[in-house]
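The structure under discussion appears below in the form of structure tokens.
Bear in mind these aren't lab numbers, they're just calculated from the coordinates by the rules spelled out. Keep in mind it's a predicted model, so treat the numbers as computed, not measured. Using ideal geometry, Cβ is built from the backbone for each residue, glycine included, and neighbour counts are taken over all protein chains shown.
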């Protein structure tokens with residue numbers, strides 16, 4: 001079983017063009033963690049430097065995670081052969097911890113160079129992420145890919161002053177700093193379809209906004225027909241509006257597809273077409 | 001045999017876990033902890049054997065994870081799960097932190113089945129096989145209705161293949177691991193005890209149970225200061241102080257019964273920012289103390305339906321999500337007159353749905369042949385066996401007489417055929 005990048009996903013995981021936005025959506029039971037890890041892998045470890053970008057080798061990555069701590073990413077990255085700590089020491093990777101300190105006031109968890117978000121306020125969050133981006137920019141030029149895992153948590157738990165519009169503005173500010181942005185967001189049915197409570201309305205607005213802005217969307221969901229032993233879920237790739245209008249570069253690589261995937265117990269992933 | 005088994009496990013666990021190198025090197029796991037058969041991470045028991053067996057093959061609740069048990073209707077099966085979980089913690093000497101209840105709840109925990117309480121003397125090496133064997137014997141002597149139960153299969157000594165077929169297949173796999181379990185923990189401790197709902201657990205005198213009441217007005221006392229702080233913040237403060245004060249080998253269990261139930265909580269705390277911040281902070285704590293802390297939460301689903309965004313966020317913030325859907329009591333009543341073939345099997349009292357499993361779904365889900373995810377599962381709560389979860393199979397249709405008639409007709413048919421042939 002291939003523990004690396006599944007061949008069918010390679011075109012999607014390659015270094016996205018400048019100013020692009022990629023949206024990964026997940027549902028309960030079909031988490032996008034493995035996909036985020038594949039993005040980390042393909043961004044930090046480029047199989048052939050001649051593939052897409054001439055400057056591919058010094059692509060850097062900032063990972064902001066609101067739901068998972070660094071230990072999780074480190075452990076699962078290691079299974080892919082991805083030593084995040086090594087990249088961090090080479091100034092090619094920075095982690096912003098949005099879990100440990102966000103709503104826990106009293107823990108003084110300062111772990112080396114890792115950044116810990118301590119307050120859900122926009123100014124603080126935005127400043128911390130930008131600082132992480134700038135800390136990578138210090139060394140030399142290179143594309144910085146910003147990956148934000150479950151940004152929607154900020155919206156759901158942050159309180160009244162955080163609305164979908166404000167969050168969108170913060171996102172635009174952050175996207176200016178980065179070469180490309182990858183977001184993972186929950187898109188469970190109750191969160192995007194009911195739209196009765198403020199929580200649901202805000203979430204639906206955020207998901208809609210981002211999905212219209214996004215260059216392409218990779219959405220994960222469970223099998224419609226129940227569970228199966230050898231299929232974990234369905235991966236659907238939808239090309240966004242902006243690509244259809246211009247920028248032929250990415251259009252050539254990206255086509256809309258619906259694939260099945262299976263995450264093995266060892267963390268390896270198989271992606272295949274229906275019926276294969 | 002035992003030592004070679006241990007040696008093989010050491011590198012796996014030190015690779016899987018992040019911060020437990022000193023412990024794993026010495027192979028001195030805390031009481032009530034054993035390595036997972038899948039990846040060697042430390043797990044602890046939920047106090048319910050069949051639930052342990054469901055958790056994606058880890059044969060226990062992995063340390064550093066949380067479990068959300070949702071229940072619809074007015075029953076409280078989830079509460080029983082919590083009590084077993086808390087009892088197991090008390091018996092194993094873990095710290096148990098309860099939110100929203102007071103000491104009365106702690107006095108109502110189910111007690112140990114007698115044979116176990118005698119055998120858990122500290123020096124005596126208790127083999128699980130011997131242990132469950134004695135329980136089996138006791139139960140057989142006590143009540144004639146209990147036949148070849150799950151325990152016998154669970155310890156790998158189930159005899160007939162036919163019997164195995166009747167009982168959920170996943171116990172077979174557990175059975176392979178069962179005998180190894182005690183050998184891996186250095187002192188041969190019992191991983192999961194048997195509890196009796198009709199008995200009361202005697203708490204040790206310096207009790208390691210802590211209660212943080214949810215309301216700001218604790219039993220007829222007037223305390224002006226604490227009214228402002230939300231119960232969640234008080235609970236988090238309590239957890240932080242205890243976790244930072246206790247040694248790194250001490251295990252802690254967080255028990256939260258009936259989260260957000262209006263009987264326990266004021267309406268303010270069910271605002272998304274309040275409850276989701278709390279769950280997020282709890283998740284952060286659990287991850288921070290990922291070798292010490294587990295949590296189990298029950299949520300009344302009728303008040304917070306799964307179709308709402310708030311409930312979905314609560315589910316997303318927990319590692320495991322189970323849903324208990326009890327049958328209406330009338331269904332139990334009609335099914336309690338079982339046919340001849342189901343004498344040993346108690347009728348299921350409800351269905352159990354797995355929406356998410358710890359570790360398993362965090363990785364992406366899949367590769368869990370042993371998870372039981374997606375199967376139809378039913379649960380039965382009984383006094384002695386506790387909550388037993390097994391594959392749901394429809395009992396013989398109530399109109400069993402029809403089938404018998406069919407059989408009779410068939411017999412007649414046969415008979416006439418035979419007659420004709422003659």
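Please give the average number of partner chain Cβ atoms lying within 10 Å of the Cβ of each residue in B:279-291, rounded to a whole number. Please list the in-between numbers first.
Values: counts 2, 11, 9, 2, 8, 12, 3, 1, 9, 8, 0, 3, 0.
Across B:279-291, the average partner-chain Cβ count within 10 Å equals 5.
For a quick size check, give me the Cα extents of segment A:7-272 along its three principal axes, largest first, whole Å.
Cα extents, longest axis first: 49, 46, 41 Å.
Could you work out the helix-only [θ] at 222 nm for chain A, with each DSSP H run of four or more residues adding -39,500 (n - 2.57) and the total divided by the number of residues, to the nearest 500 deg cm²/dmol?
Details: 11 runs with 99 residues, N = 276.
That calculation yields -10000 deg cm²/dmol at 222 nm.
Cα centroids of segment B:66-97 and segment B:245-320: how far apart, whole angstrom?
Spelled out, the Cα-based centre of one part sits 13 Å from the other.
Take peptide B:301-312, look around each residue's Cβ out to 10 angstrom, count Cβ atoms belonging to other protein chains, and average those counts. The partial results should precede the final answer.
On the way: counts 0, 0, 0, 0, 1, 4, 6, 7, 19, 6, 1, 12.
The per-residue average across the peptide is 5.
Would you work out the relative contact order for segment A:7-272, in percent, from Cα pairs under 8 angstrom that are 6 or more residues apart? Kindly include the intermediate steps, with their values, before the conclusion.
Numbers: 479 pairs, mean separation 64.4, N = 266.
Reported relative contact order: 24 percent.
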